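The structure appears right after this line, and notes come after that.
The values are calculated or read from the model by the stated rules, or taken from the named source; none is laboratory data. Fair warning: this is a prediction, and the values are worked out from it, not measured in the lab. When we count neighbours, we look across all protein chains shown, and the Cβ atoms used for this are built from the backbone with ideal geometry, even at glycine.
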Amino acid sequence: MTWIVANWDQIARYGLQHVWLSVPPIVAGTALSIPLGQLANRYRLSRGVLLSIGGILYAIPSLPLFVLLPSLLGTRILDPLNVEVALTIYALALMLRATADALASVDGQVTLSATAVGYGGWRRFWGVELPLAGPVILAGVRVVSASTVSLVTVGSLIGVNSLGFFFLDGYQRYFPTEIWVGIVGTVVIAVVFDLLLVLAGRLLMPWARPSRRAGRATATLLGVEAEPS
Amino acid sequence: MIEFRQVSKRFPDGTLAVSGLDLVIPARQTTVFVGSSGSGKTTILRMINRMVDPSSGSILIDGNDIGGLEPVALRRSIGYVMQNSGLLPHRTVLDNIATVPLLRGAKRGTAREHARELMAVVGLDPNLAQRYPAQLSGGQQQRVGVARGLAADPNILLMDEPFGAVDPIVRAELQVELQRIQRELGKTIVFVTHDIDEAFLLGDQVALFRHGGILAQLGAPRELLDNPADEFVSGFIDAGRPRSILR
(Lines give C-alpha, C1' and ligand atoms only; values in the text may rest on other atoms or scores of the structure.)
Protein backbone atom coordinates (compact mmCIF):
# COMPACT_ATOMS: atom_id res chain seq x y z
CA MET A 1 0.00 0.00 0.00
CA THR A 2 2.78 2.35 0.92
CA TRP A 3 4.43 1.49 -2.38
CA ILE A 4 1.25 2.46 -4.26
CA VAL A 5 0.99 5.78 -2.43
CA ALA A 6 4.67 6.51 -2.92
CA ASN A 7 4.52 5.68 -6.64
CA TRP A 8 1.06 7.06 -7.38
CA ASP A 9 2.44 9.61 -9.84
CA GLN A 10 4.06 6.94 -11.95
CA ILE A 11 1.00 4.65 -11.75
CA ALA A 12 -1.26 7.48 -12.90
CA ARG A 13 1.13 8.47 -15.70
CA TYR A 14 1.44 4.92 -17.05
CA GLY A 15 -2.29 4.39 -16.56
CA LEU A 16 -3.05 7.43 -18.67
CA GLN A 17 -0.50 6.34 -21.25
CA HIS A 18 -2.17 2.93 -21.30
CA VAL A 19 -5.49 4.59 -22.09
CA TRP A 20 -3.97 6.71 -24.86
CA LEU A 21 -2.26 3.70 -26.41
CA SER A 22 -5.49 1.66 -26.34
CA VAL A 23 -7.97 4.09 -27.82
CA PRO A 24 -6.53 4.71 -31.33
CA PRO A 25 -6.28 1.01 -32.31
CA ILE A 26 -9.84 0.32 -31.13
CA VAL A 27 -11.18 3.30 -33.08
CA ALA A 28 -9.04 2.72 -36.19
CA GLY A 29 -9.69 -1.04 -36.27
CA THR A 30 -13.43 -0.50 -36.01
CA ALA A 31 -13.49 2.27 -38.61
CA LEU A 32 -11.43 0.23 -41.10
CA SER A 33 -13.64 -2.82 -40.56
CA ILE A 34 -16.67 -0.97 -41.95
CA PRO A 35 -15.58 -0.54 -45.60
CA LEU A 36 -13.67 -3.85 -45.54
CA GLY A 37 -16.61 -5.68 -43.94
CA GLN A 38 -18.90 -4.26 -46.60
CA LEU A 39 -16.44 -5.35 -49.29
CA ALA A 40 -16.25 -8.83 -47.73
CA ASN A 41 -20.03 -9.17 -48.03
CA ARG A 42 -20.10 -7.98 -51.62
CA TYR A 43 -18.55 -11.02 -53.32
CA ARG A 44 -18.05 -14.62 -52.33
CA LEU A 45 -14.37 -14.39 -53.28
CA SER A 46 -13.66 -11.18 -51.37
CA ARG A 47 -15.33 -12.65 -48.29
CA GLY A 48 -13.15 -15.74 -48.35
CA VAL A 49 -9.96 -13.79 -48.98
CA LEU A 50 -10.56 -10.97 -46.50
CA LEU A 51 -11.76 -13.15 -43.64
CA SER A 52 -8.85 -15.57 -44.15
CA ILE A 53 -6.36 -12.71 -44.08
CA GLY A 54 -8.04 -11.47 -40.90
CA GLY A 55 -7.63 -14.88 -39.31
CA ILE A 56 -3.97 -15.13 -40.31
CA LEU A 57 -3.14 -11.62 -39.10
CA TYR A 58 -4.58 -12.39 -35.71
CA ALA A 59 -2.35 -15.45 -35.48
CA ILE A 60 0.90 -13.43 -35.73
CA PRO A 61 2.49 -13.30 -32.27
CA SER A 62 2.52 -9.73 -30.97
CA LEU A 63 6.12 -9.42 -29.81
CA PRO A 64 7.74 -10.32 -33.16
CA LEU A 65 5.27 -7.97 -34.87
CA PHE A 66 6.31 -5.09 -32.60
CA VAL A 67 9.94 -5.82 -33.45
CA LEU A 68 9.30 -6.26 -37.16
CA LEU A 69 7.17 -3.18 -37.77
CA PRO A 70 9.93 -0.51 -37.50
CA SER A 71 11.68 -2.00 -40.53
CA LEU A 72 8.41 -2.13 -42.46
CA LEU A 73 7.16 1.33 -41.46
CA GLY A 74 10.53 3.10 -41.27
CA THR A 75 9.79 4.13 -37.68
CA ARG A 76 12.25 4.19 -34.82
CA ILE A 77 12.28 1.07 -32.67
CA LEU A 78 10.93 2.93 -29.59
CA ASP A 79 8.24 4.76 -31.51
CA PRO A 80 4.78 4.12 -29.90
CA LEU A 81 3.43 4.09 -33.46
CA ASN A 82 4.74 0.53 -33.86
CA VAL A 83 2.50 -0.64 -31.04
CA GLU A 84 -0.44 1.38 -32.37
CA VAL A 85 -0.14 -0.11 -35.84
CA ALA A 86 0.28 -3.65 -34.54
CA LEU A 87 -2.73 -3.35 -32.26
CA THR A 88 -4.79 -1.80 -35.06
CA ILE A 89 -4.01 -4.87 -37.15
CA TYR A 90 -5.26 -7.14 -34.37
CA ALA A 91 -8.34 -4.99 -33.79
CA LEU A 92 -9.13 -5.03 -37.49
CA ALA A 93 -8.58 -8.78 -37.71
CA LEU A 94 -11.18 -9.31 -34.98
CA MET A 95 -13.59 -6.61 -36.14
CA LEU A 96 -13.60 -7.62 -39.78
CA ARG A 97 -15.68 -10.73 -39.25
CA ALA A 98 -17.88 -9.05 -36.63
CA THR A 99 -18.69 -6.12 -38.90
CA ALA A 100 -19.18 -8.27 -42.00
CA ASP A 101 -21.57 -10.55 -40.09
CA ALA A 102 -23.33 -7.56 -38.52
CA LEU A 103 -23.95 -5.94 -41.90
CA ALA A 104 -25.04 -9.24 -43.42
CA SER A 105 -27.53 -9.79 -40.61
CA VAL A 106 -29.54 -6.65 -41.36
CA ASP A 107 -33.10 -7.66 -42.31
CA GLY A 108 -33.42 -7.70 -46.10
CA GLN A 109 -37.06 -6.63 -45.87
CA VAL A 110 -36.00 -3.43 -44.14
CA THR A 111 -33.35 -2.53 -46.72
CA LEU A 112 -35.80 -3.38 -49.49
CA SER A 113 -38.40 -1.13 -47.93
CA ALA A 114 -35.83 1.66 -47.52
CA THR A 115 -35.05 1.38 -51.23
CA ALA A 116 -38.77 1.37 -52.06
CA VAL A 117 -39.43 4.65 -50.27
CA GLY A 118 -36.49 6.37 -51.96
CA TYR A 119 -33.22 5.80 -50.11
CA GLY A 120 -30.27 5.95 -52.51
CA GLY A 121 -27.50 3.37 -52.01
CA TRP A 122 -25.07 5.57 -50.07
CA ARG A 123 -27.69 7.09 -47.81
CA ARG A 124 -29.25 3.72 -47.16
CA PHE A 125 -25.90 2.35 -46.01
CA TRP A 126 -25.21 5.13 -43.51
CA GLY A 127 -28.83 5.76 -42.50
CA VAL A 128 -30.24 2.26 -42.35
CA GLU A 129 -27.78 -0.64 -42.73
CA LEU A 130 -24.95 0.61 -40.52
CA PRO A 131 -27.21 1.75 -37.64
CA LEU A 132 -29.10 -1.54 -37.75
CA ALA A 133 -25.82 -3.45 -37.71
CA GLY A 134 -24.85 -1.33 -34.67
CA PRO A 135 -25.74 -3.72 -31.85
CA VAL A 136 -23.75 -6.60 -33.38
CA ILE A 137 -20.84 -4.29 -34.24
CA LEU A 138 -20.87 -3.00 -30.67
CA ALA A 139 -20.62 -6.56 -29.35
CA GLY A 140 -17.48 -6.93 -31.50
CA VAL A 141 -16.02 -3.61 -30.30
CA ARG A 142 -16.41 -4.71 -26.69
CA VAL A 143 -14.30 -7.81 -27.35
CA VAL A 144 -11.72 -5.77 -29.26
CA SER A 145 -11.59 -3.16 -26.52
CA ALA A 146 -10.80 -5.73 -23.82
CA SER A 147 -8.28 -7.50 -26.05
CA THR A 148 -6.51 -4.25 -27.00
CA VAL A 149 -6.26 -2.97 -23.42
CA SER A 150 -4.64 -6.24 -22.48
CA LEU A 151 -2.29 -6.39 -25.49
CA VAL A 152 -1.00 -2.86 -24.91
CA THR A 153 0.96 -4.23 -21.95
CA VAL A 154 3.17 -6.30 -24.27
CA GLY A 155 4.53 -3.00 -25.65
CA SER A 156 6.45 -2.58 -22.38
CA LEU A 157 8.81 -5.32 -23.55
CA ILE A 158 10.00 -3.03 -26.34
CA GLY A 159 10.00 0.08 -24.19
CA VAL A 160 6.59 1.52 -25.05
CA ASN A 161 5.37 1.88 -21.51
CA SER A 162 1.95 1.35 -20.07
CA LEU A 163 0.72 -0.39 -16.93
CA GLY A 164 2.56 -3.37 -18.44
CA PHE A 165 5.75 -1.78 -17.14
CA PHE A 166 4.71 -2.80 -13.63
CA PHE A 167 4.50 -6.52 -14.49
CA LEU A 168 7.97 -6.44 -15.96
CA ASP A 169 9.55 -4.33 -13.28
CA GLY A 170 7.76 -6.23 -10.52
CA TYR A 171 8.81 -9.56 -12.03
CA GLN A 172 12.44 -8.51 -12.34
CA ARG A 173 12.46 -7.26 -8.75
CA TYR A 174 10.44 -10.21 -7.29
CA PHE A 175 7.95 -7.64 -6.02
CA PRO A 176 4.36 -8.97 -6.19
CA THR A 177 2.66 -5.72 -5.16
CA GLU A 178 3.94 -4.03 -8.28
CA ILE A 179 2.76 -6.92 -10.49
CA TRP A 180 -0.68 -6.71 -8.90
CA VAL A 181 -0.82 -2.97 -9.52
CA GLY A 182 -0.24 -3.64 -13.22
CA ILE A 183 -2.82 -6.39 -13.44
CA VAL A 184 -5.54 -4.67 -11.44
CA GLY A 185 -4.93 -1.36 -13.25
CA THR A 186 -5.24 -3.06 -16.65
CA VAL A 187 -8.45 -4.80 -15.64
CA VAL A 188 -9.90 -1.55 -14.28
CA ILE A 189 -9.20 0.20 -17.60
CA ALA A 190 -10.78 -2.66 -19.54
CA VAL A 191 -13.88 -2.63 -17.35
CA VAL A 192 -14.27 1.17 -17.57
CA PHE A 193 -13.94 1.01 -21.38
CA ASP A 194 -16.56 -1.70 -21.50
CA LEU A 195 -18.99 0.30 -19.36
CA LEU A 196 -18.46 3.36 -21.55
CA LEU A 197 -19.16 1.29 -24.68
CA VAL A 198 -22.35 -0.13 -23.21
CA LEU A 199 -23.41 3.37 -22.18
CA ALA A 200 -22.65 4.75 -25.63
CA GLY A 201 -24.70 1.92 -27.13
CA ARG A 202 -27.66 2.78 -24.91
CA LEU A 203 -27.47 6.44 -25.90
CA LEU A 204 -26.89 5.91 -29.62
CA MET A 205 -29.20 2.94 -30.07
CA PRO A 206 -32.14 3.48 -27.71
CA TRP A 207 -34.29 1.38 -30.05
CA ALA A 208 -32.18 -1.71 -29.37
CA ARG A 209 -32.85 -1.72 -25.63
CA PRO A 210 -34.97 -4.72 -24.79
CA SER A 211 -38.04 -3.43 -22.98
CA ARG A 212 -40.94 -5.38 -21.59
CA ARG A 213 -43.14 -4.29 -24.47
CA ALA A 214 -40.55 -4.74 -27.17
CA GLY A 215 -40.68 -8.51 -27.11
CA ARG A 216 -39.18 -10.80 -29.66
CA ALA A 217 -38.44 -8.41 -32.51
CA THR A 218 -35.91 -6.37 -30.54
CA ALA A 219 -34.54 -9.41 -28.82
CA THR A 220 -33.87 -11.08 -32.15
CA LEU A 221 -32.17 -7.92 -33.31
CA LEU A 222 -29.78 -8.13 -30.38
CA GLY A 223 -29.14 -11.77 -31.07
CA VAL A 224 -30.47 -12.90 -27.71
CA GLU A 225 -33.41 -15.08 -26.89
CA ALA A 226 -36.54 -13.22 -25.84
CA GLU A 227 -37.61 -13.68 -22.26
CA PRO A 228 -40.92 -15.45 -21.95
CA SER A 229 -43.51 -12.76 -21.32
CA MET B 1 -52.97 7.03 -64.98
CA ILE B 2 -50.43 4.25 -65.17
CA GLU B 3 -49.98 2.41 -68.44
CA PHE B 4 -48.12 -0.83 -69.17
CA ARG B 5 -47.24 -1.29 -72.85
CA GLN B 6 -46.10 -4.75 -73.95
CA VAL B 7 -44.12 -5.18 -70.73
CA SER B 8 -42.09 -8.36 -70.22
CA LYS B 9 -39.68 -9.31 -67.50
CA ARG B 10 -37.23 -12.17 -67.62
CA PHE B 11 -35.07 -12.58 -64.51
CA PRO B 12 -31.36 -13.41 -64.87
CA ASP B 13 -32.12 -17.01 -63.83
CA GLY B 14 -34.32 -17.35 -66.91
CA THR B 15 -37.74 -17.19 -65.22
CA LEU B 16 -40.26 -15.33 -67.31
CA ALA B 17 -42.17 -13.39 -64.63
CA VAL B 18 -44.21 -11.13 -66.90
CA SER B 19 -44.92 -11.53 -70.58
CA GLY B 20 -46.35 -8.98 -72.98
CA LEU B 21 -48.47 -7.15 -70.43
CA ASP B 22 -50.80 -4.38 -71.61
CA LEU B 23 -52.64 -2.73 -68.76
CA VAL B 24 -54.15 0.64 -67.94
CA ILE B 25 -54.53 1.64 -64.31
CA PRO B 26 -56.96 4.57 -64.04
CA ALA B 27 -56.22 7.54 -61.80
CA ARG B 28 -57.88 8.06 -58.41
CA GLN B 29 -59.18 4.52 -58.24
CA THR B 30 -58.09 1.35 -56.52
CA THR B 31 -56.76 -1.35 -58.81
CA VAL B 32 -56.08 -4.69 -57.15
CA PHE B 33 -53.59 -7.20 -58.55
CA VAL B 34 -54.60 -10.66 -57.46
CA GLY B 35 -53.12 -14.06 -58.22
CA SER B 36 -51.30 -16.89 -56.50
CA SER B 37 -47.54 -16.99 -55.83
CA GLY B 38 -45.55 -16.91 -59.05
CA SER B 39 -48.20 -14.88 -60.86
CA GLY B 40 -45.78 -11.95 -61.08
CA LYS B 41 -48.12 -9.52 -59.34
CA THR B 42 -45.49 -8.14 -56.98
CA THR B 43 -42.96 -7.89 -59.80
CA ILE B 44 -45.48 -5.90 -61.85
CA LEU B 45 -46.17 -3.61 -58.89
CA ARG B 46 -42.47 -3.01 -58.35
CA MET B 47 -42.02 -1.99 -61.96
CA ILE B 48 -44.14 1.09 -61.27
CA ASN B 49 -41.49 2.61 -58.97
CA ARG B 50 -38.56 1.03 -60.80
CA MET B 51 -37.65 -1.41 -58.05
CA VAL B 52 -37.70 -3.79 -61.00
CA ASP B 53 -37.03 -2.65 -64.55
CA PRO B 54 -38.79 -4.44 -67.43
CA SER B 55 -36.73 -6.48 -69.91
CA SER B 56 -38.83 -5.01 -72.71
CA GLY B 57 -41.80 -2.71 -73.15
CA SER B 58 -42.50 0.54 -71.39
CA ILE B 59 -44.41 1.90 -68.43
CA LEU B 60 -45.94 5.37 -68.51
CA ILE B 61 -47.21 7.50 -65.66
CA ASP B 62 -49.51 10.26 -66.91
CA GLY B 63 -48.05 9.77 -70.37
CA ASN B 64 -44.37 9.98 -69.32
CA ASP B 65 -42.16 6.95 -69.84
CA ILE B 66 -40.68 6.24 -66.40
CA GLY B 67 -37.70 4.48 -68.02
CA GLY B 68 -36.18 7.93 -68.42
CA LEU B 69 -36.75 9.03 -64.81
CA GLU B 70 -34.23 8.86 -62.01
CA PRO B 71 -35.33 5.84 -59.87
CA VAL B 72 -34.62 7.33 -56.44
CA ALA B 73 -36.55 10.53 -57.19
CA LEU B 74 -39.37 8.50 -58.75
CA ARG B 75 -39.66 6.32 -55.62
CA ARG B 76 -39.85 9.39 -53.39
CA SER B 77 -42.82 10.61 -55.43
CA ILE B 78 -44.76 7.33 -55.06
CA GLY B 79 -46.10 5.99 -51.77
CA TYR B 80 -45.10 2.42 -50.90
CA VAL B 81 -46.59 0.18 -48.24
CA MET B 82 -45.41 -3.38 -47.79
CA GLN B 83 -46.11 -6.53 -45.85
CA ASN B 84 -44.74 -6.56 -42.29
CA SER B 85 -44.80 -2.78 -42.58
CA GLY B 86 -41.12 -2.52 -43.63
CA LEU B 87 -40.67 0.19 -41.02
CA LEU B 88 -37.20 1.27 -39.95
CA PRO B 89 -36.70 -0.44 -36.56
CA HIS B 90 -34.32 2.28 -35.35
CA ARG B 91 -36.65 5.21 -35.97
CA THR B 92 -39.61 6.29 -33.87
CA VAL B 93 -43.13 6.09 -35.26
CA LEU B 94 -43.05 9.82 -35.99
CA ASP B 95 -39.72 9.68 -37.82
CA ASN B 96 -40.80 6.61 -39.77
CA ILE B 97 -43.83 8.47 -41.05
CA ALA B 98 -41.66 11.49 -41.85
CA THR B 99 -39.09 9.37 -43.76
CA VAL B 100 -39.92 10.46 -47.29
CA PRO B 101 -40.41 14.20 -46.61
CA LEU B 102 -37.06 14.12 -44.75
CA LEU B 103 -35.39 12.36 -47.69
CA ARG B 104 -36.79 15.09 -49.91
CA GLY B 105 -35.18 17.71 -47.69
CA ALA B 106 -38.12 18.88 -45.57
CA LYS B 107 -37.30 20.54 -42.24
CA ARG B 108 -37.45 18.08 -39.35
CA GLY B 109 -39.94 20.15 -37.36
CA THR B 110 -42.36 20.60 -40.25
CA ALA B 111 -42.08 16.94 -41.27
CA ARG B 112 -42.80 15.74 -37.72
CA GLU B 113 -45.75 18.07 -37.36
CA HIS B 114 -47.21 16.73 -40.60
CA ALA B 115 -46.48 13.18 -39.42
CA ARG B 116 -48.56 13.86 -36.30
CA GLU B 117 -51.50 14.90 -38.49
CA LEU B 118 -51.11 11.71 -40.52
CA MET B 119 -51.24 9.61 -37.34
CA ALA B 120 -54.75 10.98 -36.87
CA VAL B 121 -55.65 10.28 -40.52
CA VAL B 122 -54.76 6.59 -40.18
CA GLY B 123 -56.33 6.30 -36.73
CA LEU B 124 -53.21 5.98 -34.56
CA ASP B 125 -53.14 7.01 -30.92
CA PRO B 126 -50.93 10.16 -30.69
CA ASN B 127 -49.25 8.68 -27.60
CA LEU B 128 -47.50 6.16 -29.84
CA ALA B 129 -45.49 8.89 -31.61
CA GLN B 130 -42.24 8.25 -29.75
CA ARG B 131 -42.48 4.45 -29.75
CA TYR B 132 -40.27 2.24 -31.88
CA PRO B 133 -41.92 -0.15 -34.38
CA ALA B 134 -41.10 -3.25 -32.32
CA GLN B 135 -43.18 -1.79 -29.50
CA LEU B 136 -46.33 -1.72 -31.64
CA SER B 137 -48.85 -4.42 -32.54
CA GLY B 138 -48.95 -5.73 -36.11
CA GLY B 139 -52.04 -3.69 -36.92
CA GLN B 140 -50.51 -0.50 -35.53
CA GLN B 141 -47.35 -1.12 -37.56
CA GLN B 142 -49.40 -1.40 -40.74
CA ARG B 143 -51.16 1.86 -39.93
CA VAL B 144 -47.76 3.52 -39.53
CA GLY B 145 -46.80 1.97 -42.87
CA VAL B 146 -49.85 3.48 -44.54
CA ALA B 147 -49.16 6.88 -42.94
CA ARG B 148 -45.58 6.72 -44.22
CA GLY B 149 -46.87 5.91 -47.69
CA LEU B 150 -49.07 8.98 -47.60
CA ALA B 151 -46.56 11.37 -46.00
CA ALA B 152 -45.22 12.99 -49.15
CA ASP B 153 -48.76 13.34 -50.49
CA PRO B 154 -48.08 11.15 -53.54
CA ASN B 155 -50.63 10.70 -56.30
CA ILE B 156 -49.87 7.01 -56.47
CA LEU B 157 -49.84 4.58 -53.56
CA LEU B 158 -48.40 1.11 -54.12
CA MET B 159 -49.46 -1.49 -51.56
CA ASP B 160 -47.72 -4.86 -51.62
CA GLU B 161 -49.82 -7.31 -49.56
CA PRO B 162 -49.96 -4.71 -46.80
CA PHE B 163 -52.44 -6.62 -44.65
CA GLY B 164 -51.09 -10.09 -45.36
CA ALA B 165 -49.43 -10.64 -42.00
CA VAL B 166 -52.10 -9.46 -39.55
CA ASP B 167 -54.91 -11.51 -38.04
CA PRO B 168 -58.32 -11.56 -39.80
CA ILE B 169 -60.05 -9.21 -37.35
CA VAL B 170 -57.34 -6.57 -37.57
CA ARG B 171 -57.19 -7.07 -41.34
CA ALA B 172 -60.92 -6.32 -41.63
CA GLU B 173 -60.41 -3.14 -39.57
CA LEU B 174 -57.53 -2.05 -41.76
CA GLN B 175 -59.50 -2.74 -44.94
CA VAL B 176 -62.38 -0.57 -43.74
CA GLU B 177 -59.92 2.12 -42.71
CA LEU B 178 -58.24 2.04 -46.13
CA GLN B 179 -61.63 2.44 -47.84
CA ARG B 180 -62.35 5.47 -45.66
CA ILE B 181 -58.95 7.01 -46.39
CA GLN B 182 -59.41 6.40 -50.09
CA ARG B 183 -62.83 8.09 -50.05
CA GLU B 184 -61.21 11.12 -48.40
CA LEU B 185 -57.99 11.30 -50.41
CA GLY B 186 -58.78 9.73 -53.78
CA LYS B 187 -55.30 8.33 -54.56
CA THR B 188 -54.37 6.07 -57.44
CA ILE B 189 -53.93 2.90 -55.42
CA VAL B 190 -52.36 -0.26 -56.77
CA PHE B 191 -52.90 -3.04 -54.26
CA VAL B 192 -51.41 -6.54 -54.40
CA THR B 193 -53.02 -9.46 -52.63
CA HIS B 194 -53.54 -13.20 -53.03
CA ASP B 195 -56.90 -12.98 -51.25
CA ILE B 196 -59.79 -12.73 -53.71
CA ASP B 197 -62.16 -11.46 -51.00
CA GLU B 198 -59.81 -8.61 -50.23
CA ALA B 199 -59.50 -7.89 -53.96
CA PHE B 200 -63.27 -7.71 -54.44
CA LEU B 201 -63.75 -5.65 -51.29
CA LEU B 202 -61.16 -2.99 -52.06
CA GLY B 203 -60.87 -2.93 -55.85
CA ASP B 204 -62.67 -0.58 -58.21
CA GLN B 205 -61.09 -2.83 -60.75
CA VAL B 206 -59.42 -6.17 -60.25
CA ALA B 207 -56.60 -7.59 -62.38
CA LEU B 208 -56.35 -11.34 -61.98
CA PHE B 209 -52.99 -12.80 -63.03
CA ARG B 210 -52.15 -16.36 -63.89
CA HIS B 211 -48.72 -17.98 -63.63
CA GLY B 212 -46.04 -16.09 -65.58
CA GLY B 213 -47.58 -12.65 -65.23
CA ILE B 214 -50.29 -13.18 -67.80
CA LEU B 215 -53.41 -11.10 -67.27
CA ALA B 216 -56.31 -13.55 -67.03
CA GLN B 217 -59.01 -10.95 -66.64
CA LEU B 218 -59.35 -7.27 -65.85
CA GLY B 219 -62.59 -5.68 -64.72
CA ALA B 220 -64.83 -4.54 -61.91
CA PRO B 221 -65.44 -7.19 -59.21
CA ARG B 222 -68.99 -7.69 -60.53
CA GLU B 223 -67.72 -8.43 -64.03
CA LEU B 224 -65.26 -11.05 -62.84
CA LEU B 225 -67.93 -12.63 -60.75
CA ASP B 226 -70.72 -12.59 -63.33
CA ASN B 227 -68.68 -13.16 -66.49
CA PRO B 228 -65.46 -14.98 -65.66
CA ALA B 229 -63.27 -15.04 -68.77
CA ASP B 230 -62.33 -18.68 -68.45
CA GLU B 231 -62.12 -21.63 -66.11
CA PHE B 232 -58.99 -20.32 -64.44
CA VAL B 233 -60.81 -17.16 -63.37
CA SER B 234 -63.92 -18.95 -62.14
CA GLY B 235 -61.75 -21.52 -60.39
CA PHE B 236 -59.72 -18.85 -58.62
CA ILE B 237 -62.87 -17.04 -57.51
CA ASP B 238 -64.54 -20.27 -56.40
CA ALA B 239 -61.57 -21.20 -54.27
CA GLY B 240 -62.34 -18.16 -52.13
CA ARG B 241 -66.07 -18.36 -52.65
CA PRO B 242 -67.44 -19.66 -49.34
CA ARG B 243 -66.25 -16.50 -47.64
CA SER B 244 -66.76 -14.12 -50.53
CA ILE B 245 -68.45 -10.86 -49.58
CA LEU B 246 -70.15 -10.63 -52.97
CA ARG B 247 -71.76 -14.05 -52.69
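A few notes on this one:
- All positions within segment B:125-166 that are outside any strand (DSSP E or B), over 11 Å from B:Ile97 (Cα atoms) and of a type in the set (Val, Ile, Thr): B:Val166
- A:Val181 being over 17 Å from the mean Cα position of the chain (by Cα), assigned to a helix (DSSP H, G or I) and touching a residue at least 24 places away in the same chain (Cβ under 8 Å): yes
- Listed here are the helices (runs of 4 or more DSSP H) enclosed by segment A:45-123 that have at least 1 residues being within 19 Å of A:Ile137 (Cβ to Cβ) and within 15 Å of the chain's Cα centre (by Cα): A:80-104.
- Each residue in segment B:183-196 was checked for being buried (at least 19 other Cβ atoms within 10 Å of the Cβ) and in a helix (DSSP H, G or I), and 1 of them qualify.
- Taking the criterion of being more than 14 Å from chain A (Cβ to nearest Cβ) and closer than 24 Å to B:Leu23 by Cβ, the residues of segment B:142-180 that qualify are B:Asn155, B:Phe163, B:Gln175, B:Leu178, B:Gln179.
- Residues located in segment B:187-197, provided they are at pLDDT 95 or above and either of a type outside the set (Val, Ile, Thr) or not assigned by TED's automatic domain parsing to the domain that holds B:Arg171 (or both): B:Lys187, B:Phe191
- For segment B:89-127, filtering for residues that are within 11 Å of chain A (Cβ to nearest Cβ) and more than 24 Å from A:Leu204 (Cα to Cα) leaves 1.
- Any hit, segment A:116-136, residues being more than 14 Å from every other protein chain (Cβ to nearest Cβ), in contact (Cβ under 8 Å) with a residue 12 or more places away in the chain and under 27 Å from A:Val85 (Cβ atoms): no
- So B:Met47, is it touching a residue at least 40 places away in the same chain (Cβ under 8 Å), more than 9 Å from chain A (Cβ to nearest Cβ), touching a Pro at 6+ places or on another chain (Cβ under 9 Å) and buried (at least 21 other Cβ atoms within 10 Å of the Cβ): yes
- Answer residue from segment B:80-103, given it is among the hydroxyl-bearing types (Ser, Thr, Tyr) and assigned to a loop (DSSP other than H, G, I, E, B) and is surrounded by the fewest Cβ atoms within 10 Å (Cβ to Cβ) among those: B:Thr92
- Residue in segment A:161-180 that is among the β-branched types (Val, Ile, Thr) and crowded, with 21+ Cβ neighbours inside 10 Å present: no
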